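Chemist: Have a look at this one.
The values are calculated or read from the model by the stated rules, or taken from the named source; none is laboratory data. All figures in this text were calculated on a predicted structure; none of them were measured in a lab. Cβ placement follows ideal geometry from the backbone for every residue including glycine, while neighbour counts extend to all protein chains displayed. Quick note on the areas: whole protein, heavy atoms, side chains included, nothing else; ligands and nucleic acids left out. Shrake-Rupley method; radii C 1.70, N 1.55, O 1.52, S 1.80 Å.
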Amino acid sequence: MSVRRGWNFLMTPGPTNIPERIQAAMNRPALEYAGPEFLDLSMGVHEDLKKLFRTDSEVFIYSANGHGAWEAAISNTLSPGDTVLVPGTGQFSMGWSDMAETHGVNSIYLENDWRNGIDPSEIEQKLRDDTAHKIKAVLMVHTDTASSITSDIPAIRKTMDAAGHPALLIVDTIASLITTEYRMDEWGVDVTVAACQKGVMMPPGMSFTAANTKARKVSEENSTGRSYWDWSSRRGPIHYTWYCGTGPINMVFGLREAIDMILEETLEGAAVRHQRLADATRAAVWKWGEAGTMELNAQVATQAANGVTTIRVDESIDVDVLQALLREEFGVALGHGLGQLNGKTFRIGHMGYCNEPMILGALGSVEAAFKMLGIAHGEGGVMAAVKSLAEAKN
Ligand SMILES: Cc1ncc(COP(=O)(O)O)c(C=O)c1O
């Protein structure tokens, strides 16, 4: 590997770049967990987190990655023998479905090609067929980070209502929160699952669930054993129980800063920025695709994610070689293909602490790597991105 100077570019769809402000906020001594300063800070963070989800419901914080929050949603609301409906839009839908099954829950996994969102009418039909109401929840991944497909949550809520089905709507926003508009209460979502290492710009290791009154009631009536994840025991007068033990104090310092940064930019502003970076990336990929060796995975423009772009390649392109060259020669880290897309795709993350020069630098490096490796590609990808950004900024 050659010696490089300058910043490395972490263009993976999680973890993402951590702003200096957040790093600095975390770089301080811990506090006593039961003292007034931490109590104040932590209560404020729990309250302000609701703004990120646009909810009035309680948000629960876990010292765990996103898989932890998945498990929290499952273990609070479901029991062995229950059934869930999981619209499959990529590897993460599949992974969540598999996790439900390890809890003894039957999963009806709706297969699709991972290039399109699930047609809401398919969900409606499954719910209408379930006259005995065996389906207790729809587990929906808002943005599936493997496929870069973002699903229409309000449309899914509508079909559930149209079918008159009482299942909970549980939405994974791990890749969509902050990068994409999300309105938990207005959209009628019962449980939201999220994590901190993507749009929230934090180091990995913290995740969240927000649960509305209906979901809390289901949890209270659910006698299946759980402890760490349990929502009810995470509230009460002793703040220690809000974390089921010692809180991740320095992560909470960082989270305070992250929430402040997000609210400064505004949720609308952050979503527009992510859309701008995503549009620029897609403009480059369309150009590159003119040689016929690669294309966007998402086939419908309105379903293409704001935070990540999955690029499908043909057999002439070895994605491992491409990514290794980018890592070693340019210091640019991209995401690899996941599950059935492994070896067939690579992913450019544009989520969290990311701006125009960063995306142009990454796209320029990718284009240079194509040239170094002799990969056939349409010319002018970076220029197309420049044009897209200029138009969006004007
Ligand atoms: C949509 C989605 N769900 C779930 C996960 C799992 O999160 P974690 O890797 O933090 O456990 C990820 C991770 O990338 C994700 O993108």
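Chemist: Let me check something: with ligands and nucleic acids excluded, how do 388, 316 order by accessible area (1.4 Å probe), largest to smallest?
Modeler: Most to least solvent-accessible, the answer reads 316, 388.
Chemist: Something else now. If I model a spin label at residue 132 and residue 79 as a point 7 Å from the Cα along the Cα→Cβ vector, what separation in nanometres do I get?
Modeler: 1.6 nm
Chemist: If you don't mind, there's one more thing I want to ask. Under a crude label model (7 Å from the Cα following the beta-carbon direction), how far is residue 291 from residue 268 in nanometres?
Modeler: 4.2 nm
Chemist: Further, regarding this structure: Could you sort 144, 260 by accessible area so the largest value comes first, with the probe set to 1.4 Å?
Modeler: In descending accessible area the options line up as 260, 144.
Chemist: Taking a point 7 angstrom from the Cα of residue 379 along the C-beta vector, which residues in the range 278-305 have backbone N less than 20 Å away?
Modeler: Within reach of a label on residue 379, which here means backbone N under 20 Å from a point 7 Å along Cα→Cβ, the range 278-305 contributes 283-294.
Chemist: Could you compute how much accessible surface residue 136 exposes when probed at 1.4 Å, giving the result in Å² to the nearest 10?
Modeler: Its accessible surface works out to 90 Å², give or take rounding.
Chemist: So which GluC sites (Glu not before Pro) in the range 1-74 pass both tests, a DSSP loop state and at most 15 other Cβ atoms within 10 Å of the Cβ?
Modeler: Here the sparse-neighbourhood loop sites are 32.
Chemist: Considering only DSSP states other than H, G, I, E and B, which GluC sites (Glu not before Pro) in the range 300-338 qualify as loop sites with at most 15 other Cβ atoms within 10 Å?
Modeler: 315
Chemist: How much of residue 228 can a 1.4 Å solvent probe reach, expressed as accessible area in Å² and rounded to 10?
Modeler: 70 Å²
Chemist: Next question. Mind checking which of 197, 23, 340 has the largest fluctuation in a GNM of the chain, springs on alpha carbons under 10 Å?
Modeler: 340
Chemist: Mind giving me the nanometre distance, one decimal, between the label points for residue 300 and residue 324, set 7 Å out from Cα along Cα→Cβ?
Modeler: 3.9 nm
Chemist: Taking the range 74-137 on its own, what percent of its Cα-Cα pair distances exceed 15 Å?
Modeler: Taking all Cα-Cα pairs of the range 74-137, the fraction more than 15 Å apart is 49 percent.
Chemist: Further question on the same structure: With a 1.4 Å probe and every protein chain left in place, tell me how much accessible area residue 110 has, in Å² to the nearest 10.
Modeler: The accessible area comes out at roughly 10 Å².
Chemist: Rounded to the nearest 0.05, what FRET efficiency is calculated for residue 217 and residue 185 with R0 set to 25 Å and r the Cβ-Cβ distance?
Modeler: After rounding, the FRET efficiency stands at 0.95.
Chemist: Only four residue types carry charge here, +1 at the Cβ of Lys and Arg and -1 at the Cβ of Asp and Glu. Report the dipole size of the range 20-264 about the Cα centre in Debye, rounded to the nearest 20.
Modeler: Computed about the Cα centre, the dipole is about 260 debye.
Chemist: How much net charge surrounds residue 319 when only other residues with a Cβ under 13 Å from its Cβ are counted (Lys, Arg +1; Asp, Glu -1)?
Modeler: Net charge around residue 319: 0.
Chemist: For the chain, set up a Gaussian network in which alpha carbons nearer than 10 Å are linked by springs, and say which option among 233, 148, 63 fluctuates the most.
Modeler: 233
Chemist: For the chain, list log₁₀ I(q)/I(0) at each q in 0.07, 0.08, 0.10 Å⁻¹, using the Debye formula over Cα point scatterers of equal strength and ignoring solvent, two decimals each.
Modeler: -0.32, -0.42, -0.66
Chemist: If all Cα-Cα distances of the range 191-337 are sorted into 10 Å bins from 0 onward, what percent lands in each bin, rounded to whole numbers?
Modeler: 9, 25, 27, 22, 14, 4, 0
Chemist: For 4, 234, 327, give me the order by solvent-accessible area with a 1.4 Å probe, most accessible first, ignoring ligands, DNA and RNA.
Modeler: Sorted by accessible area, descending: 327, 4, 234.
Chemist: Going by Cα centres, the range 25-79 and the range 8-22 are how many Å apart?
Modeler: 21 Å
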